[in-house]
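Data first, discussion second: the structure below is written as structure tokens.
The values are calculated or read from the model by the stated rules, or taken from the named source; none is laboratory data. Predicted model only: the values in this text are computed from it and were never measured. FYI the Cβ positions are ideal-geometry reconstructions off the backbone, even for glycines, and counts take in every protein chain you see. Just the protein is used for accessible areas: all its heavy atoms, side chains included, with ligands, DNA and RNA removed. Shrake-Rupley method; radii C 1.70, N 1.55, O 1.52, S 1.80 Å.
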Amino acid sequence: MATAGKVIKCRAAVAWEPSKPLVMEEIEVAPPQAHEIRIKIVATGVCHTDLYHLFEGKHKDGFPCVLGHEGAGIVESVGSEVTKFNPGDKVIPLFISQCGQCRFCKSPKTNLCEKGWASDRYDVMSESDTRFTCKGKKVLQFMGTSTFSEYTVVNEIAVAKIHPSAPLDKVCLLGCGVATGYGAALNTAKVEPGSTCAVFGLGAVGLAAVMGCKNAGAKRIIAIDINPAKYEKAKVFGATEFVNPKDHNKPISQVLSEMTNGGVDFSLECVGSVAVMRSALESCVKGWGVSVLVGWTDMDDFAARPIQLIAGRTWKGSLFGGFKSKDGVPQLVNEYLEKKVKLDEFVTHNMTLDQVNDAIQLMKTGDCIRSVLSVSLQ
Ligand code: NAD
Ligand code: ZN
């Protein structure tokens, strides 16, 4: 590769400050250091967590940054000590690392990893770890990945090598949204055959949770969203009933309780609202109901009455669907290739990186499931 060992100048969508449109800029991407991999990003999805950082979280010290964390690409070059990756490999950058050595990686109980960029915060990499510069200024890497850029640099503990025939404009969705929702149902909720489930929020994360409930053998899957335009898609993934909270003047937990003789066995919150988290918990049946937080928010405390848990409900959270990332993502890619996992059905818009602000707008208005942006030619 002619570019190996050199700084690459390429195009990226830079978020200079909170709540402002992203700006297409020429950035400089440093060569990978020891244990690092420089990736040419081919395709990326836009996930609500990108919008959260831009519009909702507003941590001023998280800017300027390059957003995007749901991408797929091809290895351009590798730093010293990297032995398991070669230029030309198809890869998915991972926002959760898997070093394989730390106490978390060694435990089957969690998919967290102590060595990754996210050990101290969950949004941007520290300035010393970022390999991006623009106009003489360091630009931060969002969620350790930054896929709204033609090239990015990621530590090898946060890169999954995937099947060479995988279509990158589809499997990119396994870098976040689909793996997250699907795994939340299978790995975290551990949905059981014959059970009744409720999924709150029918974006890509919620729809993937519906698919997980279905693949786990759930009998009833109640799909809940304030936007009824999402119900048709939810049916495709296996939802059996639909509820619009706006159609009812009583709490949604009461509606679900009446529909299910006391509440659902499993509920998944895929919105990112503490009020919905509470509703999802209260929609579970006493005795054994399990409610999983998947939606992302770190702004407000949540609340619930202790009796909810005392009466036997379990409230838990799920990061990246509980998948150990380097092991799980290549397997999910294979399951897609074997047609056990759907991906194409999530993609409602295909665009280019230059149209990233339009894609963000589509998600804001609820007019898409996933927009996939083509970033570089393969
Ligand atoms: P999205 O914006 O595409 O979907 C959210 C859906 O929730 C929309 O369909 C919206 O109409 C619906 N909604 C909004 N308010 C609602 C309410 N009160 N009741 C019912 N439905 C409501 O977002 P997405 O990309 O699917 O992401 C969903 C959430 O998951 C976000 O909070 C995101 O940040 C989070 N997330 C978490 C992880 C993780 O690892 N835990 C990973 C990725 C994304
Ligand atoms: Zn995401």
Please work out the C-alpha center-to-center distance from the range 33-66 to the range 87-140 and express it in whole Å.
-> 11 Å
Would you mind calculating the relative contact order of the range 55-178 from Cα pairs under 8 angstrom and at least 6 residues apart, reporting the percent as a whole number?
-> 35 percent
How big is the charge dipole of the range 238-283 about its Cα centre, in debye rounded to the nearest 20, if each Lys and Arg gets +1 on its Cβ and each Asp and Glu gets -1 on its Cβ?
-> 160 debye
With Rg and the Kirkwood Rh both taken from Cα atoms, where does Rg over Rh land for the range 144-183?
-> 0.96
Considering amide H positions built from the backbone, and no H for Pro or chain starts, which residues 5 or more places from M143, or on another chain, come under 5 Å of its amide H?
-> V124, M125
Would you list the P(r) distribution for the range 247-373, with all Cα-Cα distances sorted into 5 Å bins from 0 and each bin expressed as a whole %?
-> 2, 9, 13, 14, 16, 17, 14, 9, 4, 1, 0
What is the Cα radius of gyration of the range 181-231 over 2.2 N^0.38 Å, N being its residue count?
-> 1.03
Once amide H atoms are built 1.01 Å from N in the peptide plane, which residues 5 or more positions from S77, or in another chain, come under 5 Å H to H?
-> R38
Among beta bridges assigned by DSSP with both residues in the chain, the antiparallel ones amount in percent, to the nearest 5, to 55 percent
For L174, L337, L319, write out the residues from largest to smallest accessible area, computed with a 1.4 angstrom probe and no ligands counted.
-> L337, L319, L174
When the charge dipole of the chain is computed with +1 on Lys and Arg Cβ and -1 on Asp and Glu Cβ about the Cα centre, the Cα farthest towards its positive end, among A234, L377, W288, belongs to W288
Cβ-Cβ cut-off under 13 Å around A184, Lys and Arg +1, Asp and Glu -1: the net charge is +1
The answer for the per residue Cα convex hull volume of the range 204-297, in Å³, is 92 Å³
Assigned charges on the beta-carbon of Lys, Arg, Asp, Glu; the chain dipole about Cα centre (debye) = 660 debye
How big, on average over all directions, is the shadow cast by the Cα convex hull of the range 289-363, in nm²?
-> 8.5 nm²
Residues of type lysines that K138 reaches as a straight line, Cα spacing below 22 Å, ignoring anything fewer than 8 places off in the same chain | K6, K9, K20, K40, K58, K60
Long-range amide H contacts for I221: which residues qualify at under 5 Å (H placed 1.01 Å from N, peptide plane, sequence gap of 5 or more or a different chain)?
-> C197, T240, E241
Give the distance, in whole Å, between the Cα centre of the range 160-227 and the Cα centre of the range 314-378.
-> 11 Å
Please work out the ratio of the alpha-carbon Rg of the range 25-69 to 2.2 N^0.38 Å and round it to two decimals.
-> 1.41
Ranked output for segments 235-242, 308-315 by mean other Cβ atoms within 10 Å, highest leading, reads 235-242, 308-315
Paired Rg and Dmax values of the chain, which use every Cα atom, in angstrom = 20.3, 66
Treating every alpha carbon of the range 102-238 as one equal point scatterer without solvent, the Debye formula yields log10 I(q)/I(0) values at q = 0.21 Å⁻¹ of -1.21
Tell me, what ³J(HN,Hα) does each residue in the range 272-284 have, in order and in whole Hz, if you take phi through Karplus 6.51 cos²θ - 1.76 cosθ + 1.60 with θ = phi - 60° and put x for Gly and Pro?
-> x, 10, 5, 5, 5, 4, 5, 4, 5, 5, 6, 7, 7
